[in-house]
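This report concerns only the one structure given below.
The values are calculated or read from the model by the stated rules, or taken from the named source; none is laboratory data. Remember, predicted model here, so these are calculated numbers, not experimental data. Because the Cβ atoms are built from the backbone with ideal geometry, glycine has one as well, and the counts that use them run over all protein chains shown. Calculation scope for accessible area: heavy atoms of the full protein, side chains included, ligands and nucleic acids excluded. Shrake-Rupley method; radii C 1.70, N 1.55, O 1.52, S 1.80 Å.
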Amino acid sequence: MELFQKIIKRVLLAVFSLFVIVTITFFLMNLIPGDPFMSEKANPEAQAALRAKYGLDQPIYIQYGKYLNGLLHGDMGNSYVLQKGRAISTIVTESFAVSMSLGIRALILAILIGVPLGCIAGLWKNKVPDACIRVISAVGISVPGYVIAAVLMLLLAVQLRVLPTSYNRPGGTVMPIITLSLYPTCYLIRLTRASILEVLNQDYLRTERAKGMSERVVIFVHALKNSLIPIITYLGPLTASILTGGFVAESVFNVPGLGRYFVSAINSRDYTLIMGTTIFYAALIIFMNLVCDILYQVVDPRIKLD
Amino acid sequence: MEKTHLLEVRDLKVSFASKKTEVPAIQGISYYLDEGEVLGIVGESGSGKSVSSHCILKLLPENGKIQGGQILFEGKDLLPMNAKQIADIRGNKISMIFQDPMTSLDPLFTVGHQIEESLKKHTNLNKKQREERIIKLLDLVGINQPEKRMKQYPHEFSGGMRQRAMIAMALSLGPKLLIADEPTTALDVTIQAQIIELLKRLKDELHMAIIFITHDLGVVSDICDKIIVMYAGEIIESGKKRQIFYDSRHPYTEGLLNSVPKIEQSRQEKLVPIEGNPPDMQLLGSECPFSHRCGYAMNICARQKPPKLTVEEGHEVSCWKYYRERMESGE
Ligand SMILES: Nc1ncnc2c1ncn2[C@@H]1O[C@H](COP(=O)(O)OP(=O)(O)OP(=O)(O)O)[C@@H](O)[C@H]1O
Ligand SMILES: [Mg+2]
């Protein structure tokens, strides 16, 4: 029951954070020069009419009040530009479904490869496997996503022709998933390695050995469990960012996901869509962190939510 | 035939790999211990107390290397044993308590689980019997409500309670030898006294031998039968408790004794710390390692290591000053 109360507290806190984010985004967005209808430049009257129709000619605090009021009733408005007239909630849900299906696969790939490789590197510190793994992870972390995407595209789709360039064809998800998972995989390798090395020096492992425990138990039960703790902390934000889609991967491979909408919404000043994607992104991060904190508490008895 | 001791260390040498060279840490020490005896190992920080005793269970850190010597336990050399053989002895016949109870227990497992692990490894007891044994053990070391406490995590224990739990863990299989590496250093004075009382009581009840490591002679005065004084990886004086406390011959031992607070000490009598610092082991040559700090140092001390001399049965010292005194008295 105590846990339940704490979760309620955290949720209230989360709602407050969301409110702050909504407010800041709303006003920042209005500071960007231009508005959703500036592209209809030929006809100033038409622009003015559109602004009036959507209430953009009113003072900003009134617009803000109206937006908040809508939000409280679960209404995020309709898209002004990109998918004119469609409800933001529909656009976000649809595109998120696409991002999520890619993201979950990328996440699983990153964890399945990153954590074991990190362990191997840590356990064989300064030996050959460690050296190889470290080189790979250093490259993976420092090369930007669009370079990876371009290289993959050139190599696999254009030169070797083993994979399609377009997302919609069979096998089209492979390259976006690799692009999405590369950075987190390499980051997880580093994090796991550092964490393992830290734990290997701990006194309690010596205690375990002094009791006659086998190296298997010392490493796979005690060392591994302890080194998972910092990894769990990272998984929260990682999951959120992977799920909402890498902007790069989605743009390069033409994936109709949330990340792509986030970028194009800003470019076209699609106010309601900017707000919608931002709120969704923030809520997801907050939610993931909450999940991680709870998970954290399950693993680490010292941590209490507060 | 020679008598087999419970534990006999012969000419043990240990070094650590540093960037380029091997730095010596233990430079050939020998001692022995019989059943039920308590041996105190004293010396300043860095003198090699922990390293030498961790060797007994082959618990050296990765960069440490045993360069030579033998460690005979019940007549068998432990050093050539493989991982499995040594694991059967660890926690079973020889067990260990460490310096810092705050970091020596795994934070993610209950105290009961951590005791149970070694029962599981070394006995055939079933779950229920193991639990009963744990409760008994916790009770034995003075932890109240053992049924409840065994289900708690280390962070729910105070420092003194954790050390008690460590002791319970170390005693769980009734070891022949308990190595206690400064078990009270991290604790405050009242708890210190309680833990030492506890060890004394348990020693009599369970009839085990103890190696008690400390840098404070005052702490071991009560519990020990024999004392080894270490300096810079060597034993510079060793003897029965009485011989060390009332008849010490080495200026360093003298210094250690003077830095122990005594109850009957008057206020004017100040505690005298030993001046200077231990030598850098890497730079140590053929001199007496204490010569740099010794108030009695003579020419020869800076040139040559003193020989080991027997003062009387069981009491040995390595010091040129004592050598000269012996020569002068014409023995
Ligand atoms: N992991 C290590 N790497 C390198 N040198 C080490 C290592 N552990 C110990 N040493 C060296 O071995 C020597 C003896 O250390 P040891 O820990 O046995 O001292 P100690 O007498 O137990 O001191 P303390 O009272 O501080 O516990 C020291 O000179 C130390 O520098
Ligand atoms: Mg020590």
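By the Stokes-Einstein formula, at 1.002 mPa s and 20 °C, chain B with its Kirkwood radius over alpha-carbon pairs has D equal to 101 µm²/s. Longest stretch of chain A clear of exposed loop sites (trypsin sites (Lys or Arg not before Pro), DSSP loop, at most 11 other Cβ atoms within 10 Å, sites excluded): A:162-303.
The Rg/Rh ratio of segment A:97-260, with Rg taken over Cα atoms and Rh as the Kirkwood radius over Cα pairs, comes to 1.08. For the protein assembly as shown, give the share of DSSP beta bridges that are antiparallel, in percent and rounded to the nearest 5; count only bridges with both residues there. The antiparallel proportion sits near 65 percent. Along segment A:159-171 the Karplus relation, 6.51 cos²θ - 1.76 cosθ + 1.60 evaluated at θ = phi - 60°, assigns HN-Hα couplings of 6, 7, 6, 8, 10, x, 6, 9, 4, 6, 6, x, x Hz to successive residues, with x for each Gly and Pro.
If R0 is 22 Å, the Cβ-Cβ spacing of A:GLN159 and A:ALA138 corresponds to a FRET efficiency of close to 0.30.
Value of Rg to Rh for the protein assembly as shown, rounded to two decimals, is 1.15; Kirkwood radius and Rg both from alpha-carbon coordinates. For the residues of B:106-115, the average number of beta carbons from a partner chain within 10 Å of their own beta carbon is 5. For B:ASN82 and B:ASN258, the FRET efficiency from 1/(1 + (r/R0)^6), where r spans their Cβ atoms and R0 equals 51 Å, is about 0.65. If R0 equals 35 Å, the separation of the Cβ atoms of B:HIS207 and B:ARG326 corresponds to a calculated FRET efficiency of about 0.35. Using the rule -39500 (n - 2.57) for each DSSP H run of four or more residues, divided by the residues of chain A, the 222 nm mean residue ellipticity is -23500 deg cm²/dmol. Database remark: amide H of B:GLY40 closer than 5 angstrom to the amide H of B:PHE212, B:ASP225, B:LYS226, B:ILE227, B:ILE228 (H placed geometrically; neighbours at sequence offset of 5 or more, or on other chains; Pro and chain starts carry no H).
Each helix, a run of at least 4 DSSP H residues, gives -39500 (n - 2.57); summed and divided by the residues of chain B, these come to -8500 deg cm²/dmol at 222 nm. Per-residue Karplus couplings for segment B:321-329, computed as 6.51 cos²θ - 1.76 cosθ + 1.60 with θ equal to phi - 60°, are listed in order as 4, 5, 4, 5, 4, 5, 4, 5, 6 Hz, Gly and Pro entered as x. Per residue, the convex hull around the alpha carbon atoms of segment A:73-133 comes to 129 Å³. Dividing the alpha-carbon radius of gyration of chain A by the rule-of-thumb value 2.2 N^0.38 Å gives 1.23.
Taking B:ALA180, B:ALA87, B:ALA165 in turn, the Gaussian network model of chain B (Cα-Cα springs below 10 Å) assigns the largest fluctuation to B:ALA87. Annotation: amide H-H contacts under 5 Å for A:ASN78 (H modelled 1.01 Å from N, sequence separation of 5 or more, or interchain): A:ILE88. Convex hull volume of the Cα atoms of segment B:12-56, normalised per residue: 77 Å³. For segment A:109-123, the Karplus equation 6.51 cos²θ - 1.76 cosθ + 1.60, evaluated at θ = phi - 60°, returns couplings of 4, 4, 5, 5, 9, x, 5, x, 4, x, 4, 4, 4, x, 6 Hz by residue, with Gly and Pro reported as x.
Partner lysines whose Cα lies under 23 Å from the Cα of B:LYS127, excluding those fewer than 8 positions away in the same chain, are identified as A:LYS211, B:LYS93, B:LYS136, B:LYS148, B:LYS151. For the residue pairs B:LYS176/B:LYS200; B:LYS76/B:LYS240; B:LYS3/B:LYS84; A:LYS225/B:LYS19; B:LYS128/B:LYS200, the alpha carbons lie more than 20 Å apart in B:LYS76/B:LYS240; B:LYS3/B:LYS84; A:LYS225/B:LYS19; B:LYS128/B:LYS200. Straight-line cross-link partners of B:LYS20 among the lysines, defined as a Cα under 21 Å from its Cα and at least 8 positions apart when in the same chain: A:LYS125, A:LYS127, B:LYS65. Temperature 10 °C, viscosity 1.306 mPa s: under these conditions the Stokes-Einstein estimate for segment B:24-118, based on its Kirkwood radius over C-alpha pairs, is 103 µm² per second. Among the protein heavy atoms of chain A, carbon and sulfur supply 68% of the accessible surface, probe 1.4 Å, non-protein parts ignored. Summary: within chain B, the longest segment free of trypsin sites (Lys or Arg not before Pro) located in DSSP loops with at most 13 other C-beta atoms within 10 Å is B:21-150. The apolar share of the surface of segment B:126-190, taken as the fraction of accessible area on carbon and sulfur atoms (1.4 Å probe, ligands and nucleic acids excluded), comes to 50 percent.
Under 27 Å Cα-Cα from A:LYS9, which lysines qualify once same-chain neighbours fewer than 8 residues away are excluded? Partners found: A:LYS304. Of A:LEU50, A:ILE303, A:ILE219, which is farthest along the charge dipole of chain A in the positive direction, counting Lys and Arg as +1 and Asp and Glu as -1 at C-beta? It is A:ILE219.
Computed over every Cα-Cα pair of segment B:43-181 and binned at 5 Å starting from 0, the pair-distance distribution P(r) comes out as 2, 10, 18, 20, 19, 14, 10, 5, 2, 0 percent.
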